[in-house]
Every structure is written in structure tokens, then in C-alpha cells.
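One structure below.
The numbers here are math on the coordinates, done by the rules we state, and not lab data. A quick note: this is a predicted structure, and the numbers were derived from the prediction, not measured. With ideal geometry, Cβ positions are generated from the backbone for all residues, glycine too; neighbour counts draw on all protein chains shown.
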């Protein structure tokens, strides 16, 4: 990434008041920062979360947000709805009444 060309002092950023110069010229540093910025943006766009139930990958918006832990639920919304439906029918009706407020 470094060009290895001889350049004048004006082609380098100063690092401190003593006048020390950055090891990369301004052009090479600009290219390096642009490449890093593109890599970071690409990583943000491609972040996917895998459902623990169906093993499919979805965007984080397909998962319920848990306020208490500050993370997403491990099941996607579809698997979570299926699980809660089955759980509803497995719990005895008297036990469901006890949990109502």
C-alpha cells in the first residue's frame, strides 16, 4: 500500500508539535483509509444472525430484541412464534390462569 517514492515534507502529515512526520504520504494514507472504510461498510451490510432452531441466517431485524439483556433472541420470529404456540398448548389451562396478572 505504501508507494515508496521520495516526496517532500509537505506530502506528509505532522504527528506532533515537534514536527515528526507520519510514515505514509498523504496519498497512500488516503487510499488506506478509503479501503478500510469500504471494508467496514461492507461488514455492516453483511451482518447476519443464525437462528438456533432452523439454522437459517437472517438479518437481525428478523429476531425479537430483548430489552433485559440488550441482545437479539436466539430464535427467528417464525421459529419463536411456533415455539410459543406449542408451549401455549402444552401448559395446562389452570397454570395459564395462575400466570395472568
Ascending count of other beta-carbon atoms within 10 Å, so fewest first, for 75, 88, 83: 88, 83, 75
Contour minus Cα-Cα distance for residue 86 and residue 5 (0.36 nm per residue): 22.3 nm
Residues residue 13 and residue 73, FRET efficiency given R0 of 35 Å [Cβ-Cβ distance, rounded to 0.05]: 0.15
Per-residue Cβ neighbour rank within 10 angstrom, fewest leading, 7, 47, 18: 18, 47, 7
Proxy reagent accessibility, fewest Cβ within 10 Å first, across 14, 82: 14, 82
